[in-house]
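For reference, the structure is listed below as structure tokens.
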Amino acid sequence: MVINMNQSELKQDFYKRYQPSDNYLHFTSNGILCPLLGHSEITSAPSVTCTLSMRIQMFARALNGEQIKIQNCMSDKYLAYNFSDTASIHHNTDKDTINIIHALSAKNLRGAEILYECSIPEFLSHKEPFELSLTQSLMKVSDIQTDISETAALASPGKNISEYLALAAAKSGYCTLISSGLPKNYPLPMTGYKIVSAHCAEKDIDRAKEIQYAFNAIRRMYPNVGLITEITPQMFSAAQITIKNKTALKYMYHLVNENERIERSITALKRCDIKTLFYEMIKSEKSMEKYWDIGSEHLFLARRARDADGVAAVRVWKNGIIAITEEDKVDYAISAIRNEFEENIGYKPMFCVSDAG
């Protein structure tokens, strides 16, 4: 079940659940990350992303002592962790939360009372926005100062930092480019459009092993290359003979061409040209359909959505697709996609409608 509280309602709920205190109440909010171009899930690959209006909202207040209490507004129970005692873990606190608390405990972490609301549906992971919100909240109550890169690293110990970095840099009305160096924001003029996401039961596959193989082959010829974003078409053309795995070869071919699509889109977005972004997204999706081993259900969703009236751009995302759709055509597009998917695949996909940012 998903509920949607506004900031004021969540604040009042916090005061009902926790004892009065003079300590300041801090607010943090992070939306789920939506890929427009590139692949933030792949280490060293560039991406253009925005956040969606379905999100984690979190209030946090300093608590005297060394206990952190974390409570979902849908539950009467809380997770409790005493960070001065590594053996003191209660109510099945998950490993990732423990890792974040351990990472922050070396930076004068204070105790905290936390209440959060999640408007992200259960069939989508809320892990990244939750972990970043938790990290930011604990930093606020403890007055821990870091830059954006360190904040993302603290939220993602041992993980690919790219998605956390994109979330930390996200800004309403803008998209975020993750490439070499610090993240950069560019205008994302989405007035008149909604982001429709359709989700199926088919899971995406893991391509990390093949991509790393191809990347290593290219680096043997070009040892100064440190990121996928640095690989030019000329480099790939020269090195492809050394990539013996055909699956790895086609994955890397898509990624190298994606670099150029991202460059063209960023150039266009600097002048608020959203139509070029949509055009490059469509080209990216067609490339994924040809070279990325898209599953049959994902493929059906993408092709049907692309043909729907009012849909400006489509791209595979997690266990489904996103479709940027004219606001007054959203209901029609959902109905058309749902009906044809059910008729051909045998069940109804799940849908969400969101704003960007």
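The values are calculated or read from the model by the stated rules, or taken from the named source; none is laboratory data. Just so it is clear, the model here is predicted, and its values are computed rather than measured. For neighbour counting, all protein chains shown are included, and Cβ atoms are generated from backbone atoms with ideal geometry for every residue, glycine included. Accessible surface areas use protein heavy atoms only, side chains included; no ligands, DNA or RNA. Shrake-Rupley method; radii C 1.70, N 1.55, O 1.52, S 1.80 Å.
Miscellaneous remarks
- Residues Ala106 and Glu260, FRET efficiency given R0 of 45 Å [Cβ-Cβ distance, rounded to 0.05]: 0.60
- Within the accessible surface of the chain, defined with a 1.4 Å probe on protein heavy atoms only, the carbon and sulfur portion equals 47 percent.
- Student exercise, the chain dipole from Lys, Arg, Asp, Glu Cβ charges, in Debye to nearest 20: 780
- Between Thr191 and Asp331, the FRET efficiency estimated from the beta carbon spacing at R0 = 22 angstrom works out to 0.70.
- Neighbourhood net charge (10 Å Cβ-Cβ; Lys/Arg +1, Asp/Glu -1) for Lys194: -3
- In a fully extended conformation the segment linking Ser21 and Cys272 would gain 85.7 nm over its present Cα-Cα distance, using 0.36 nm per residue.
- Förster radius 35 Å - calculated FRET efficiency between Asn339 and Ile148, Cβ distance, rounded to 0.05: 0.20
- When the Cα positions of Ser75, Ala166, Ile322 are compared along the charge dipole of the chain, Ala166 comes out farthest toward the positive end, with charges on each C-beta of Lys, Arg, Asp and Glu.
- Under the Debye formula (equal points on every Cα, no solvent term), log10 I(q)/I(0) of the range 35-126 at q = 0.10, 0.13 Å⁻¹: -0.37, -0.60
- Helix 274-291 vs. the chain, principal-axis angle (Cα, 0 to 90°, nearest 10): 70
- Loop sites in the range 246-275: trypsin sites (Lys or Arg not before Pro), DSSP, at most 14 other Cβ within 10 Å: Lys270, Arg271
- Taking 0.36 nm per residue of sequence separation and removing the Cα-Cα distance, the Asp204/Lys348 pair yields an extension gain of 50.0 nm.
- Alpha-carbon centroids, the range 213-251 and the range 278-357: separation in whole Å: 31
- P(r) weight above 20 Å for the range 212-287, C-alpha pairs, percent: 37
- Rg [Å, one decimal], Dmax [Å, integer] - the range 66-214, C-alpha atoms: 17.6, 53
- When the pairs Lys127/Lys318; Lys203/Lys246; Lys77/Lys348 are compared against a 24 Å limit on Cα-Cα distance, Lys77/Lys348 fall above it.
- In the chain the longest region clear of chymotrypsin sites (Phe, Trp or Tyr not before Pro) that are loop-assigned by DSSP and have at most 11 other C-beta atoms within 10 Å covers 25-346.
- Working note: Karplus 6.51/-1.76/1.60 with θ = phi - 60° gives the range 42-52 the couplings 9, 4, 6, 8, x, 7, 10, 9, 9, 9, 9 Hz, where Gly and Pro are set to x.
- Using Cβ point charges alone (K and R +1, D and E -1), the dipole size of the range 130-217 about the Cα centre works out to roughly 220 debye.
- The convex hull defined by the C-alpha atoms of the range 212-357 has an orientation-averaged projected area of 10.2 nm².
- Per DSSP, loop trypsin sites (Lys or Arg not before Pro) in the range 142-224 with at most 11 further Cβ within 10 Å: Lys203
- Evaluating kT/(6 pi eta Rh) at 25 °C and 0.890 mPa s, with the Kirkwood radius of the chain over Cα pairs in the Stokes-Einstein relation, gives 113 µm² s⁻¹.
- The range 178-247 gives an Rg/Rh value of 1.12, both radii derived from C-alpha positions and Rh following Kirkwood.
- The mean accessible area for residues of the range 318-357, using a 1.4 Å probe and ignoring ligands and nucleic acids, is 51 Å² per residue.
- Magnitude of the charge dipole for the range 240-318, about its Cα centre and with charges confined to Cβ atoms of Lys, Arg (+1) and Asp, Glu (-1), is about 140 debye.
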